[in-house]
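Student: My questions all concern the structure below.
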Amino acid sequence: EMEGEKERIVFYDIASGPPVRSYATNPCKTRYALNYKKVPYKTEWINPLDISTVRKGLGLQPVRFMPDGSPIYTLPIIHDLVSNKLIGDSYDIAVYLDQVFPHPPLFTPSSPALNREFNKQVDMTFYPYIRLVANGVPLNPSTADEYKSRYLEKFKKKSWDEIEVKGDSRVKMLKDFEASLSFLANSYFKRREEGPFVEGKNVTYADFIIGGWLWMLKECLFEWDSFRNWNDGIWGKLYDAIQEYSAIKSNL
């Protein structure tokens, strides 16, 4: 953050347990984007149990829903203190940042991220395997039990054992996950000889969409070290290449 520059953006992120850090996929997409653009911002850390209260308090509608139609209250949210705009969806935030802070651009004419469907496609490639991290989420010990019971209620499960994946079924799920990711690797990383990014040597928002998932897996997946090397190591290379945009600014 530049010396003496006033914060322009308040960024609402999901707090891990101590030491407080980012770990949730969608806020991580936004943190990468803010850092890439060098926008002066401060982080407002929100306990996972307080997200719905905060979101409703800011007057933001939910953007995600359960199959039965009930709302899921999520972050990120940004509040632009100059325009007084509040935006509560990671893709909409990226579009807004490019409008207000055009350089360097997140969206280039050839980036697949120009199409909102790319964000959905990436999410749907990773999301089915989310149970692999059930055991690794860095929850705050003081609220972990309450968080788990709300989660079980939401997904209509009786115990945490039904969520966790262990033993042979875990080995199989990891194999399926790798196979599923190879489609993403082969469809979009066509310029690997030029560089680690989707566009080869140029970073775009496509890298931060995938990067949000990589950041979460780095924090939460026990098998991260082997995951890095899947699909000829493209996930590890991409993760390493965007680390310069992962700084956590002004923890309040």
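The values are calculated or read from the model by the stated rules, or taken from the named source; none is laboratory data. As the structure is a prediction and not an experimental result, all values here were calculated from the model. Backbone-built Cβ (ideal geometry, glycine too); neighbour counts: all protein chains shown. Please note that ligands, DNA and RNA were not included when accessible areas were found on the heavy atoms of the full protein model with its side chains. Shrake-Rupley method; radii C 1.70, N 1.55, O 1.52, S 1.80 Å.
Student: Take the Cα gyration tensor of the chain, multiply each eigenvalue by 5, square-root it, and list the three semi-axes largest first, rounded to whole angstrom.
Tutor: Semi-axis lengths for the chain are 27, 25, 16 Å.
Student: OK, next. Taking the Kirkwood radius as the inverse of the mean 1/r across Cα pairs, report the Rg/Rh of region 142-190.
Tutor: Taking Rg over the Kirkwood Rh, I get 1.20.
Student: Mind ranking His79, His103 by accessible surface for me, highest first, 1.4 Å probe?
Tutor: So the residues, ranked largest to smallest area, are His103, His79.
Student: Ok, one more. Can you list the residues, at least 5 places off or on another chain, whose amide H is less than 5 Å from the amide H of Glu44, using H built in the peptide plane?
Tutor: Here Phe11, Tyr12, Asp13 satisfy the definition.
Student: Read phi for every residue in region 55-72 and hand back ³J(HN,Hα) as whole Hz from Karplus 6.51 cos²θ - 1.76 cosθ + 1.60, θ = phi - 60°, with x for Gly and Pro.
Tutor: Karplus-based 3J(HN,Hα) across region 55-72 equals 5, 5, x, 7, x, 9, 5, x, 10, 10, 9, 6, x, 7, x, 6, x, 10 Hz.
Student: Sticking with this structure for a sec: Which percent, to the nearest 5, of DSSP beta bridges fully inside the chain are antiparallel?
Tutor: The antiparallel fraction comes to roughly 60 percent.
Student: Quick one: ranking Val100, Val133 by accessible area, 1.4 Å probe, largest first, what do you get?
Tutor: Putting Val100, Val133 in descending order of accessible area: Val100, Val133.
Student: Taking the dipole about the Cα centre of the chain, with the C-beta of Lys and Arg at +1 and of Asp and Glu at -1, give me whichever of Val54, Leu152, Pro109 is farthest to the positive side.
Tutor: Leu152
Student: Rounded to the nearest 500, what is the chain's calculated 222 nm mean residue ellipticity when only DSSP H runs of at least 4 contribute -39500 (n - 2.57) each, over all residues?
Tutor: Using -39500 (n - 2.57) per qualifying helix, the result is -13000 deg cm²/dmol.
Student: At 1.4 Å probe size, with no ligands or nucleic acids counted, give the accessible surface of Glu146 in Å², nearest ten.
Tutor: Counting only protein heavy atoms, the figure is 80 Å².
Student: Need the list of aspartates and glutamates near Lys237 for cross-linking: C-alpha distance under 13 angstrom, and skip anything on the same chain fewer than eight residues off.
Tutor: Glu193, Glu194, Asp207, Asp225
Student: Here is a further query. With an 8 Å cut-off on Cα pairs and a minimum separation of 6 or more residues, tell me the relative contact order of region 164-232 in percent.
Tutor: Here the relative contact order equals 21 percent.
Student: How large is the accessible surface of Phe183 in square angstrom, using a 1.4 angstrom probe and rounding to the nearest 10?
Tutor: 120
Student: Explain nothing, just the number: relative contact order of the chain, from Cα pairs under 8 Å at least 6 residues apart, as a whole percent.
Tutor: Over the chain, the number comes to 27 percent.
Student: Now a separate question. Starting from the residue with the highest accessible area, list Asp68, Asp89 in decreasing order, probe 1.4 Å.
Tutor: Largest to smallest exposure gives the sequence Asp68, Asp89.
Student: Separate question: In a Gaussian network model over the chain where Cα atoms closer than 10 Å are linked, find which of Ile14, Ile87, Ile72 has the largest mean-square fluctuation.
Tutor: Ile72
Student: Given charges of +1 on the Cβ of Lys and Arg and -1 on the Cβ of Asp and Glu, with all other atoms neutral, how large is the dipole of the chain about its Cα centre, in debye to the nearest 20?
Tutor: 300
Student: Taking a probe of 1.4 angstrom, what is the accessible area of Lys172 in Å², to the nearest 10?
Tutor: About 120 Å², rounded to the nearest 10.
Student: What lysines could a cross-link reach from Lys85, if we take a straight Cα to Cα line under 30 Å and drop same-chain neighbours fewer than 8 places away?
Tutor: Qualifying lysines at Cα under 30 Å: Lys6, Lys29, Lys37, Lys38, Lys42, Lys56, Lys120, Lys249.
Student: Lys166: which lysines have alpha carbons under 24 Å from its alpha carbon, excluding same-chain residues fewer than 8 sequence positions away?
Tutor: Partners found: Lys148, Lys154, Lys156, Lys157, Lys158, Lys175, Lys218.
Student: Length gain on complete extension for the stretch Ser142 to Trp160, per 0.36 nm per residue less the alpha carbon to alpha carbon distance?
Tutor: Using 0.36 nm per residue and subtracting the Cα-Cα distance, I get 4.8 nm.
Student: Further question: With an 8 Å Cα cut-off and a minimum separation of 6 or more residues, compute the relative contact order for region 57-140 in percent.
Tutor: This gives 14 percent for region 57-140.
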